[in-house]
Amino acid sequence: DDDDTNKRKHAYQISGIGDSHILSHIHFLYQRTLRKFHHPIDVLLNYAQFSKEHKSFTQLGRVYAEGLQRHPRAAGLWIEAASFEYFGYVARDDHNGSKDGGDVTSKVVGSSIRNARVLMQRGLRVNRNSEDLWLQYFALELHYVQKLRGRREILEDGVSSSSEEEEDDDKEGGKEMSSSLLPSQIIFKNAIRAIPEDVQFRLRFVEACRSFPQTEQLEEYIMDSVTRDFGKSVEGWVARISYAEEEWQRKSKSRGSGSGDENVVGFLGKADAAGGGEDDGSTDGSGDDGSEGVDRPAKKARVEFGSQTKSDPALALLQNALDAVPTPKMYLEGSRFLRMRIQRLVDNDDDQGNDDEEAEDDVSHLIGKDEDANGAARRHARLLETLYDTASEKGIFSSALLLDNVDFLLSTGQPQKAEELLSNTISTTEAKMSDDARLWLRWAEVSRQITEEAATSGTTKPSTSPTSILRRALKQTPIHERHSHTLILTELMQHLMMEQPSSSKTKAELKSLFQKLLLLSQGSNYSVAYAKKSKVLGDDNDEEDEIEDDKVNLASTFVAYLKFTMLDNTGTTGEEATADNDNAVRSIYTSILYHSNYGKSCAGKTEEETRDMKSFFDACIQFELAQMGRRKEKKKKKGRKMELCKLYETAIGFYANDGGGSYWRKVVDGYQRDLDDLKYSF
């Protein structure tokens, strides 16, 4: 029995001498690798993981110590080491298990909050601006608070006394922080002192709080700091509105489920006790359900908007935000918030027939008294129209805000009104918007949509045709605005190629546009990626973050124009006319592949562009193969073969510069085989 006990004391003893030697040899190999290659961090982490898996905790401590000495700027290494110090490791308790005569139990060994704090503080001393370290240190203290609470509940045999102490702290301190959360509060203060201008950084602390129960006071403290320090920031107001929306939804659910008891421990019970409003007085009239303002007739749009904010804290904050920061970006964020609500209400109304109670509860806080989800959606739509009208009255204008308004009108089935809005805005602000291709393209798109509806249902035609809009846009957009000019030019070419039948005037215009497009494609590997370097800004520079990149795929336009010219050749008769058309096709691919640098290499091009260029090469090769089959003269056949060889070599050179991907390697090999077969036929 004593021998069995001694064996069980060594919980992680290797089964034999050979196995122990293998493990020691692996440790030796890791150590030699670290010394030889100057402790690369990936090998360090791999070694640490190996030590954890094989319970070599003494060696694990040395690995972390050596790694932190050589990589003090690696925040992840500090976090790993502190996590090991706090959580420790699980070991078998052979001694107590053998005394009881039962099964061997487990226990946590090496858990030390003091060592974990020391490591995190040292890491922050070296990496003061590391967001991850601050957040992990914050979460570490919350972990420790939960550990103490759980220990206290076990010792006091129940949660009632624990909850009573928490309530006593709330009553004595009012809005002061609970004593157990003070360390986390101090860490947050130091964190925002080190990183003061990042509102998203502060919101990550709110997300961390929501992973732990009874942290509502800390969440409110964090949001108060956002209110205090970001009163003129759009991001700060958006964060406060989102937080108010989530809190209102959570409290609405807790009241609806009947779980508003003050003695409840956890998220819901403490949320109601933590106070429901913001400090700026935006939730006036608390306790009312707000149903009086829903059906009240509004003489002015402003009155209607204000009447809805009495019972809705998120709308109240949105109104305050629009007053405090009257910029296009703020109005754009407000419109997106309202459109998100409308979409949720519409989706909920569609799901009501399926008895989806969860979806209905999800938007129950948005539905007022004596109205359904559809009525709430219409009410929010009127608020959104009020927001757009207010921005127009105040002269707050931006391209992104206008396009958002157009999207809303199109989604509600008002294309005529959207076309009128775009036409009036561009006409009145043409000097400012002459280089913004997005407005012109959207106007042309709406005009095309109305034209198609008029052709099928007999409705009113648009005031201006899409082709006329794009021609006017091309004249107004300066050519030095390379990206915008190229966007409009490619779209105009696509519209002209879709017109049937095509006249000689249209062909001449397409040829001129193609030459201009080829000229614009010259330069440092111009491709879709260039779109990211060219952003059109309105009057407010804050709009820069909201502008989406409009992509230009020149290869797709080249393929379309080449096929358009090929199809146009099919109706010709006579040898002279056929020869002219063949020369027209060759002049297109010759200009792209041999006289410009766009067809030299696939470097800098997106996957879509590269695939379109393959279609372009294949179309050119098929054209020359067809021409070679028609030639009877030996000299002309040989000339076509030489032209084909040149095409294959160009295609191989284009894709050979691609750094990776087995797919393009196979494409190159296929072209090379075809080239070898063609040369063999000589």
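The values are calculated or read from the model by the stated rules, or taken from the named source; none is laboratory data. What you see is a predicted model; the values in this text were computed from it and never measured. Glycine gets a Cβ as well: all are built from the backbone with ideal geometry, and neighbour counts include every protein chain shown. Note: areas computed on protein heavy atoms with side chains; ligands, DNA, RNA excluded. Shrake-Rupley method; radii C 1.70, N 1.55, O 1.52, S 1.80 Å.
Some observations on this one:
- Members of the range 207-220 found to be of a type outside the set (D, E, K, R) and open to solvent by 10 Å² or more (accessible area, probe 1.4 Å), listed by number: ALA208, SER211, PHE212, PRO213, GLN214, GLN217
- If the condition is being in a helix (DSSP H, G or I), free of Cβ contacts under 8 Å to residues at least 60 places away in the same chain and either of a type in the set (Ser, Thr, Tyr) or open to solvent by 10 Å² or more (accessible area, probe 1.4 Å) (or both), then the range 503-512 contributes SER504, LYS505, THR506, ALA508, GLU509, LYS511, SER512.
- Selection status of ARG611, modelled with pLDDT of 85 or more, within 26 Å of VAL552 (Cβ to Cβ) and of a type in the set (Lys, Arg): yes
- Restricting attention to the range 41-77 and to residues that are part of a helix (DSSP H, G or I) and of a type in the set (S, T, N, Q), the residue that is most open to solvent (accessible area, probe 1.4 Å) turns out to be GLN69.
- Members of the range 421-431 that are in contact (Cβ under 8 Å) with a residue 12 or more places away in the chain and either in a helix (DSSP H, G or I) or loosely packed, with under 14 Cβ neighbours inside 10 Å (or both): LEU421, LEU422, SER423, THR425, ILE426, GLU430
- Only one of LEU474, LEU410, LEU487 that is crowded, with 21+ Cβ neighbours inside 10 Å and either on the phi < 0 side of the Ramachandran plot or small (Gly, Ala, Ser) (or both): LEU487
- Hits in the range 12-60 - residues which are at pLDDT below 80 and in contact with a Ser or Thr (Cβ under 9 Å, 6 or more places away or on another chain): TYR12, GLN13, ILE14
- Filtered residue count, the range 368-415, keeping only those that are part of a helix (DSSP H, G or I) and over 24 Å from the mean Cα position of the chain (by Cα): 24
- Meets criteria (free of Cβ contacts under 8 Å to residues at least 60 places away in the same chain, closer than 21 Å to GLU445 by Cα and out of contact with any Gly (no Cβ under 8 Å at 6 or more places or on another chain)) for GLN500: yes
- Of all residues in the range 128-152, those that are more than 19 Å from SER112 (Cβ to Cβ) have Cβ atoms under 6 Å from Cβ atoms of residues that are open to solvent by 50 Å² or more (accessible area, probe 1.4 Å) and outside any loop (DSSP other than H, G, I, E, B), 6 or more apart or on another chain, in LEU135/ARG204.
- A Cβ distance below 6 Å, combined with a sequence gap of six or more or placement on separate chains, defines the contacts here; from the range 448-465, residues that are of a type outside the set (Lys, Arg) reach residues that are open to solvent by 70 Å² or more (accessible area, probe 1.4 Å) and part of a loop (DSSP other than H, G, I, E, B) in the pairs ALA454/LYS461.
- Residues being in contact with a Ser or Thr (Cβ under 8 Å, 6 or more places away or on another chain) and either modelled with pLDDT of 90 or more or not acidic (Asp, Glu) (or both) - total across the range 495-509: 2
- Qualifying residue in the range 182-194 (condition: touching a helix residue (DSSP H, G or I) at 6+ places or on another chain (Cβ under 9 Å), open to solvent by 20 Å² or more (accessible area, probe 1.4 Å), farther than 19 Å from ALA314 by Cα and of a type in the set (Lys, Arg)): yes
- Residue that is farthest from the chain's Cα centre (by Cα), among those in the range 143-196 that are basic (Lys, Arg) and at pLDDT 55 or above: ARG152
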